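Since the structure comes first, as structure tokens, the remarks are kept for the end.
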Amino acid sequence: MEGIGKVSQWVFHLGGMRIELNSATLLMTWLIMGLILVFTVLATRRREMVPGPWQHLSELLVGWIKDLCVDALGEQWGKRYYPLICALFIFLLLCNWIGIIPYMDEPTKDLNTTLGLGIMGFFIAHGTAIWVKGPKTYITEYFKPIFFLMPLNVVGELAKVVSISFRLFGNIMGGSIIIIVVSYLAYGLILPPFLYAFFGLFVGTIQAFVFTVLTLVYIAVQIR
Amino acid sequence: MEITGADLIRAAALLGAGLSMGFGAIGPGVGEGIVGGSACEAIGRNPREAGLLTRTMLVGQAVSESTGIYSLVVALLLIFVV
């Protein structure tokens with residue numbers, strides 16, 4: 001039960017400022033970026049008409065997400081945005097899956113990762129809106145339907161960031177806490193492997209997909 | 001043993017965490033049940049679209065789960081931060 005509230009940190013002092021880095025999150029994020037790099041090298045080395053297993057897997061994934069993007073954003077913008085959405089999905093999928101390996105932490109268990117990704121999605125969506133509609137139309141949309149509803153619209157946009165990032169963080173964090181508590185109660189017998197499979201593989205996959213789809217939907221809402 | 005102010009705050013925080021999780025779980029439970037039931041009806045009416053309906057159902061459930069997740073985050077804050 002000791003591992004619940006603990007965050008492993010590197011602390012160092014720089015000119016009177018105390019700097020804390022979450023070591024597990026950083027190391028795991030770099031590890032996952034390395035894994036994605038290995039996967040892409042395996043998938044794109046020796047491309048052929050009859051694909052090998054890695055190429056086939058990556059083509060399946062990229063094609064599926066491209067269809068999703070073209071459905072949501074339309075032909076032109078979907079083709080422009082699907083690399084981003086695809087990268088987001090693969091990164092989150094590996095982030096959530098790496099927790100099933102012992103002694104590995106999910107980077108998404110840290111609010112910094114998810115909030116960072118949520119804020120990235122926010123800026124991309126609003127940047128796209130300004131780019132597509134022009135600044136004037138973009139600003140006047142906040143004063144619809146009546147001008148004094150402007151604060152509500154702004155708060156609504158900010159609440160999207162909070163909701164999307166806290167959803168992913170809470171799901172992964174809650175899953176890991178339930179695994180720790182049940183392992184403590186059942187002395188690690190029988191139950192924990194199934195819980196790892198449920199929270200790591202099933203919930204992890206669904207939450208990665210939900211985060212990706214919601215980012216896509218936020219962009220689509222701004223374009224329309 | 002004397003009960004001090006710090007003990008009272010700790011007790012109130014733990015009680016609040018339990019209440020937040022308990023009440024917060026009602027809404028997502030009802031919501032996910034409604035979504036699952038509707039998806040079952042839709043699949044019964046149109047079994048060919050089962051894949052799409054299941055995907056939509058899972059996304060809808062994950063979205064309706066978020067209020068429960070907020071209460072979980074509040075409970076964690078009350079337990080570990082207060």
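In segment B:53-62, the condition of being loosely packed, with under 14 Cβ neighbours inside 10 Å, in a helix (DSSP H, G or I), out of contact with any strand residue (DSSP E or B) (no Cβ under 7 Å at 6 or more places or on another chain) and aliphatic (A, V, I, L, M) is met by no residue.
So, in segment A:159-196, how many residues would count as being small (Gly, Ala, Ser) and touching a residue at least 24 places away in the same chain (Cβ under 8 Å)?
The initial filter retains those residues of segment A:159-196 that are small (Gly, Ala, Ser), namely A:159, A:163, A:165, A:170, A:174-176, A:183, A:186, A:188.
Right, trim to touching a residue at least 24 places away in the same chain (Cβ under 8 Å) and you get A:165, A:175-176.
Summing the residues that are small (Gly, Ala, Ser) and touching a residue at least 24 places away in the same chain (Cβ under 8 Å) in segment A:159-196 gives 3.
Residue check: is A:Met173 touching a Leu at 6+ places or on another chain (Cβ under 8 Å), hydrophobic (A, V, I, L, M, F, W, C) and at pLDDT 85 or above?
Values: touching a Leu at 6+ places or on another chain (Cβ under 8 Å): yes; hydrophobic (A, V, I, L, M, F, W, C): yes; at pLDDT 85 or above: yes.
Taking the combined requirement at face value, the residue satisfies it.
Scanning segment A:200-220 for residues that are over 30 Å from A:Gly127 (Cβ atoms) and more than 13 Å from chain B (Cβ to nearest Cβ) yields A:Gly200, A:Leu201.
If only one of A:Ile190, A:Ile180 is touching a Gly at 6+ places or on another chain (Cβ under 9 Å), surrounded by fewer than 20 Cβ atoms within 10 Å (Cβ to Cβ) and more than 10 Å from chain B (Cβ to nearest Cβ), which one is it? Give the derivation first.
Details: A:Ile190 fails: touching a Gly at 6+ places or on another chain (Cβ under 9 Å).
Of the residues listed, the single one that is touching a Gly at 6+ places or on another chain (Cβ under 9 Å), surrounded by fewer than 20 Cβ atoms within 10 Å (Cβ to Cβ) and more than 10 Å from chain B (Cβ to nearest Cβ) is A:Ile180.
Inspect all residues belonging to segment A:88-103 and state whether any of them is touching a Phe, Trp or Tyr at 6+ places or on another chain (Cβ under 7 Å), of a type in the set (Ser, Thr, Tyr) and under 18 Å from A:Phe199 (Cβ atoms). Taking every residue of segment A:88-103 in turn, none turns out to be touching a Phe, Trp or Tyr at 6+ places or on another chain (Cβ under 7 Å), of a type in the set (Ser, Thr, Tyr) and under 18 Å from A:Phe199 (Cβ atoms). Regarding A:Ser165, is this residue within 12 Å of chain B (Cβ to nearest Cβ), in contact with a Gly (Cβ under 6 Å, 6 or more places away or on another chain) and either not basic (Lys, Arg) or not in a helix (DSSP H, G or I) (or both)? Here the answer is yes, as A:Ser165 does meet what is asked.
Going through A:Val132, A:Val62 one at a time, which residue ends up being over 18 Å from A:Arg224 (Cβ atoms) and either assigned to a helix (DSSP H, G or I) or of a type in the set (Asp, Glu) (or both)? Reasoning before the result, please.
Working: A:Val132 fails: over 18 Å from A:Arg224 (Cβ atoms).
Just a single option satisfies the conditions, and that option is A:Val62.
Note on segment B:27-82: among residues that are more than 26 Å from A:Val161 (Cβ to Cβ) and within 13 Å of chain A (Cβ to nearest Cβ), the one that is nearest to the chain's Cα centre (by Cα) is B:Thr54. In the set A:Leu152, A:Leu93, only one residue is in contact with a Gly (Cβ under 9 Å, 6 or more places away or on another chain) and over 16 Å from A:Ala220 (Cα atoms); that residue is A:Leu93.
The residue pairs whose first member lies in segment B:11-30 and is over 17 Å from A:Gly174 (Cβ atoms) and of a type in the set (A, V, I, L, M, F, W, C), whose second member is at pLDDT below 95 and surrounded by 14 or more Cβ atoms within 10 Å (Cβ to Cβ), and whose beta carbons are closer than 8 Å, counting only pairs six or more residues apart or on different chains, are B:Ala13/B:Leu78; B:Ala13/B:Ile79; B:Leu14/B:Leu78; B:Leu14/B:Ile79.
Which residue, of A:Pro107, A:Pro102, is in contact with a Cys (Cβ under 6 Å, 6 or more places away or on another chain) and under 30 Å from A:Ile177 (Cβ atoms)?
Values: A:Pro102 fails: in contact with a Cys (Cβ under 6 Å, 6 or more places away or on another chain).
Answer to the check: A:Pro107.
The values are calculated or read from the model by the stated rules, or taken from the named source; none is laboratory data. Bear in mind that the values here come from a model prediction, so they are computed numbers and not experimental data. Heads up, the Cβs are rebuilt from the backbone with ideal geometry, glycines too, and the neighbour counts pull from every protein chain shown.
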